[in-house]
Structures are given as C-alpha cells and as structure tokens.
Amino acid sequence: MPLQLPNLQNYADVLEHISTHAQTEEGMRATVVALAAEGSPLGHFRAAVLAYRMHPRPEADVENWLRDAYINGDRALQMMAMATMLHLQVNIPFLAGITDTGTSMDAITTLEGLLKKVHELPPESLRLEAELRMTHALFQANITLGDTSSVNELSARLVQIATLFRNSALIDTYRGLRAYALMAGAQYDRSAGLYTQLLSEERPGTARFQNFSALTARALANLGSFPRAIEILEAALLNKPEDPEVRGWLQWMRAMTGLESIHAPVVLHDDWRERYGWQIEALQAFAAAECEPPLGKMLATREEHLRNVLRLSERGLKHNRVSSDTLFDRWIRARARLLLGEYGAAAQEVTGLVKPEPEDLLNRALLAALFVDLAMTPLENLPLSITAAEFQLREVFELARSLAYADANAMAQLITRWHPQVAVYAALMPVPIQEFLPALDLLVRVGPRSTWRGRAVPPKFITHLIRLGLRVPTFPLAVGGNMYFQVSRLSSAPEIWGPLVSALPVATALLRGDSAHHTRARTVLLEYGGVPEGAERAVAEVAQAAQAIAVERAPIKRLWTALDQL
C-alpha cells in the first residue's frame, strides 16, 4: 500500500508525518521514495531535505531534486531550494572538518540578499518557511566562520520564527539549535542546561532524542563531565544500538577516559571520518603505548605507537576548523612529543595558540597540565612559567566547581589519566587542588624497600622510571623474569599499567617556583625519596642538585647542569 503523504505546502504537517513515519532508516527511505515519486518540484524538495539525513547520503539524487525545485518551483520554492543548496555546500565539508571561508562568505552575501526580498512574497505562499530556511542557512555559514555573535543572534531569531508555525516538534528543533549556538559560543554550561531540558521532554528513540543525546554529551564533555556524558550516550544506544553519531561520540569519550579497549574497531560514518575519527585512533594509540611496563621490547613498541599518534594527527592539521578542535589536536601532538622525549618540540606545538574560551574547561585543563609537565623536563626556558601554569590549572577547577554542569572530580581523573605527574604535582604544590589529592597514591616511595601502593618496586627500575619522567633518553635495562613479573603487576586497571610517578621530576618542577615551592620540594624528597642506593651517577647527581637547591638554596643553574648530563 503506497504511503499516504501530508499536505506538502504545510511544513508543520510535513514534520508531523516525518516524526511518525521516518524514525527508522527503513521508514526514512520509504518516505523519501514516496516524496520523490509525488513528482512535483515541492515533492522533490521535501525528498532532498529528508534524504540529506540518510546514511549513506544519496548525494546525486539530492542534487537533482534540489535543482528541479529551483528551476521549476515558484519564487518561494526557488528561495528555499537556493538556501538549502547553500546550506549543504557549507555544512557537508564542515562536518568532515573542512572550512572553505570563501564559500561561507559568498553564501552569507547571497542569503542576506534573499532575506531582504522574502517579504515581497505573497502571504499564502511558503514565505514563512522560506524565511526560516534562509535564516538557518545563514546561521550555518556563520558557524563555519566562527562568528559567535551572529550565530547567537540568528539562533534566537530562528526560535521566534519557529514559534509562528505552532508546531512543538519544530520549536524544539530550533530550541536545540539555540543550544547548539550556545555551545558554538563556548557557553557550555547554558548549552548543557538547555539540552538537558530538551532531552527530558523528548520521547526516547526518536531521531531528535538521539541528536539531543549526542549534543548534550558534547557540551558536558567540554565541561569535564564525562561520566554523565557517557551515561546519556549509553541510554540513547538502548533504543538505537546502531546510531552512528551516538556510537562515535561514545567511543571518543570512552577512549578519552581510558574505558575503551585499545583493540576496539573505530566506529565511523562519513561526516566523522576526517574530523574526529582520527582522534579516537590517536587516543587508542596513546593507551596502547602505556598498557604495559616500559621495558625491553615495549620501549620500541611504545615509540611506534607515539609516532603513529603524530602521523594520525596530521589529518587534523589539514583542516581549518573551530579553535576548540585545533587546541585539542595540538595537545595530542604536544603530549606525543613529550613522551618521545622531544620536549622542545612539544613546547613549540603549544606556542602561539589562541586562548581557550573560559568555559572550554577540557582544553584549558589539558593545556595547563601540559605546561606543568614541560616544567619537569630539562627545558630551561619554559613557554609558561610554573607559577603561571599552575595558576591556569587552579582557575579551571575554581570555575568547574561553580558551574552547574561541570565535574571537577571527573576532570581531575582525566588529567590523572593523561598527565599523572601533573596530577601529583597539583596535589603537592603550595596551594593544592583538592580534587587531585587521590593522585598522591601514584608516587613511588624510595627507600631500603621501594614500594608503590605497598607493592615492591625493583631499585633498578626506579632509575629507569626517573629518566622516563624527566623525558630524557633511557638505556637498555637488563630485565630478568622476576623483575619483569614484579613490574608488570603494578597496574591500576585493565590495559593501564601503573602509572608510577617518581618524586624527582615533580621536585624538579617545584624548584622552578618561589621559596614556598622550594619548601614543598624539600618535603617531597624527604618523604618519598629521590633515587635508590646504587643509582646511576648521572641520575644521582640530579637528585643531589635538587636536594641542594631545596635545602641549601643552591643556585638553580646546578640543576640545569645536572639535567644536561642525562
């Protein structure tokens, strides 16, 4: 029996029909076929707009249907078809991580010209829908250019236009777009609040519920609220287990928090492949580099994984995208270089970056942590002083505690995952960040019997660990079966070895600060020890220099001289 179509002139009726019949891929496909078969320019337009949401997208059909609507439709339909064509020209590359500034600016010029003429259309025509679609396309073009003030204004206008249709589904769609505009303007807390409200009002399993779930999770992730974001995405998959966007974001967040298996295949769909898919692969490569003790053959394997991260991240460098994406990409590259011992190159990766927005807590925390981590290397001239870096980190957590949808504890866990030495530093610095206090359990206690969480740590391995923590070259370490067994069982979770943190790199960073920092460095070295008995001479001299500076106020130059010998 052929599908009964609604009145195609009435946009509200069309939306009701789609919400009833096109919630599944099969239903969407059947509706597109019926709309195209209707044969009119308006039927072709409706088919093209709906087909754009399909995976895979029938791009040739969409183009042909829009062309027919533009050539053979009335003036209102011509405007709608043109607005939709411009919308797709801007949005499809943007979703793949490509921003063509020229195309976006040309689209804005055309759309602003069309909007001036929309009120010349007869009132019985599709005038209101034409105004809505042109404003939406203008919104999208400004999104790609990062013009957040225009995006904010246009999203508010879209909500007002949508209310004139007196259709709750359409109004909610544009309330969702309003929440997206807030997110694009880095007002993540307000965005998360509006998305949470929309999600609570939506029926589970609908396309809008899935979309709102993904977007709510994204806003929460920028606020460090990963547990809640993952919970929302998992709930969305209960109704639609194969939803590609929800699955993609869930895998990204699980990889970010260390929950995803390093062997899990990356879930991708076309719009995700270039923009975010490589980030999941890079995070898995980071995890693979640190899933086993850094000994023997694993050191070479570790380097291969870190080099792979740099290769993968080149995909991100190809695209001129929104600044928050660029900041995250550069953090990935800088962290890989830091672990490779290329601390000078790591500093270059994060030099000259745009300043993150205040509520971009995820990027602010990761970059501040990276700057603190650089202070634990032999790099004499830091891109940011240790006191400035710890101030930035402290600011993030102060703001996180004040925002309704942020999660300071989850943010601390994230930093502990990717920058464990920094987490320890944040717990030990003169004014500690309370969320990092659990990270003190990661410190190795050096003494006659060196231990980590009460388990024995071989003395020879501690010297090796110090070199890794200072990001300097390591030497081949003779590893017997007993030693490897001892070290390999020092794990905190499946597929995560350690992390073990030596006090000496942390003390090195503290010694870059003022007298209060020096006092903390002295306490740390006394309490947790520097190097074990019989440690190699070069590493022992670093420990002696650190002790002399902390206790005797020796010049800091002595530390740089000792570090240079490593």
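The values are calculated or read from the model by the stated rules, or taken from the named source; none is laboratory data. Keep in mind the model is a prediction, meaning the values are calculated, not measured. Positions of Cβ are generated from backbone atoms using ideal geometry, with glycine treated the same way; all protein chains shown enter the neighbour counts. Quick note on the areas: whole protein, heavy atoms, side chains included, nothing else; ligands and nucleic acids left out. Shrake-Rupley method; radii C 1.70, N 1.55, O 1.52, S 1.80 Å.
Once the Cα atoms are used to define both axes, helix 168-184 deviates from the longest principal axis of the chain by about 40 degrees.
Taking only protein heavy atoms and a 1.4 Å probe, the accessible area of region 435-566 is 55% carbon and sulfur. Database remark: amide H of residue 492 closer than 5 angstrom to the amide H of 498 (H placed geometrically; neighbours at sequence offset of 5 or more, or on other chains; Pro and chain starts carry no H). Three principal axis extents describe the C-alpha atoms of region 3-110; from largest down they are 42, 31, 24 Å.
Once the Cα gyration tensor of region 363-414 is found, what semi-axes does its equivalent ellipsoid get, as square roots of 5 times the eigenvalues, in whole Å, sorted largest first? Can you show the working numbers first?
Numbers: eigenvalues 117, 21, 9 Å².
For region 363-414, the semi-axes come out at 24, 10, 7 Å.
For region 236-361, the relative contact order comes to 17 percent (Cα pairs under 8 Å, sequence separation of at least 6).
Taking the charge dipole of the chain about its Cα centre, with +1 at Lys and Arg Cβ atoms and -1 at Asp and Glu Cβ atoms, the residue from 366, 54, 382 reaching farthest to the positive side is 382. Our helix-only sum for the chain, with -39,500 (n - 2.57) per DSSP H run of n ≥ 4 divided by its residues, gives a mean residue ellipticity at 222 nm of -21000 deg cm²/dmol.
Summary of the geometry: region 21-35 and region 381-411, compared by the centres of their Cα atoms, lie 48 Å apart. Look at the dipole of region 150-278 built from charges on Cβ: of 236, 168, 222, the Cα furthest out on the positive end belongs to 168. At q = 0.11, 0.16, 0.23 Å⁻¹, what is the log10 ratio I(q)/I(0) for region 452-566, with the Debye formula run over Cα points and no solvent? Debye output, listed in q order: -0.38, -0.76, -1.31. For the set 262, 143, solvent exposure ranked by accessible area (probe 1.4 Å, protein chains only) runs largest to smallest as 262, 143. Ordering of 302-310, 485-493 by packing is 302-310, 485-493, highest average first (other Cβ atoms within 10 Å, averaged per residue).
If I take every Cα pair under 8 Å that is 6 or more residues apart in region 1-61, average their sequence separation and divide by the length, what percent do I get for the relative contact order? Mind dumping the intermediate values first?
Values: 54 pairs, mean separation 15.5, N = 61.
After rounding, I find 25 percent.
From most to least packed by mean Cβ count within 10 Å, the peptides 62-73, 461-472, 218-229 give 218-229, 461-472, 62-73. From the alpha carbon centroid of region 144-168 to that of region 541-564 is 60 Å. What would the Debye equation give as log₁₀ I(q)/I(0) for region 57-128 at q = 0.27 Å⁻¹, counting only Cα atoms as equal point scatterers? Calculated log10 I(q)/I(0) at the listed q: -1.21. In order along region 499-505, the phi-based Karplus estimate (6.51 cos²θ - 1.76 cosθ + 1.60, θ = phi - 60°) of 3J(HN,Hα) comes to x, 9, 10, 8, 5, 5, x Hz; Gly and Pro are listed as x. Quick note on region 9-67: its Rg to Rh ratio, both from C-alpha atoms and Rh being the Kirkwood radius, is 0.93.
Which order, highest average first, do 238-245, 152-159 follow once you tally other Cβ atoms within 10 Å for each residue and take the mean per peptide?
Values: 238-245: 15.2, 152-159: 18.4.
Highest mean packing first, the order is 152-159, 238-245.
Structural descriptor for the chain: relative contact order 9 percent, calculated from alpha carbon pairs under 8 angstrom and at least 6 residues apart. Classification of region 334-434 by its C-alpha gyration tensor yields a prolate form. The axis ratio a/c (a ≥ b ≥ c) is 1.5 or more, and a/b outweighs b/c.
Ordered from highest to lowest accessible area with the whole protein assembly present and a 1.4 Å probe, 213, 402, 385 read as 402, 385, 213.
Net charge dipole, region 429-545: roughly 180 debye, given to the nearest 20, about the Cα centre with Cβ charges of +1 for Lys and Arg and -1 for Asp and Glu.
On a per residue basis, the chain carries 42 Å² of accessible surface, using protein heavy atoms and a 1.4 Å probe. The phi torsions of region 197-213, fed into the Karplus equation with coefficients 6.51, -1.76 and 1.60 and a -60° offset, translate into couplings of 5, 4, 5, 5, 8, 9, 6, x, x, 6, 4, 5, 4, 5, 5, 5, 4 Hz, rounded to whole numbers, with Gly and Pro shown as x. Given a 1.4 Å probe and the protein chains as shown, residue 117 ends up with an accessible area of around 100 Å².
Please list 405, 180 in order of solvent-accessible area, largest first, computed with a 1.4 Å probe with all protein chains present.
On the way: 405 80, 180 45 Å².
My answer, sorted largest first, is 405, 180.
Working note: Karplus 6.51/-1.76/1.60 with θ = phi - 60° gives region 20-33 the couplings 8, 10, 10, 7, 10, 4, 5, x, 5, 5, 5, 5, 4, 4 Hz, where Gly and Pro are set to x.
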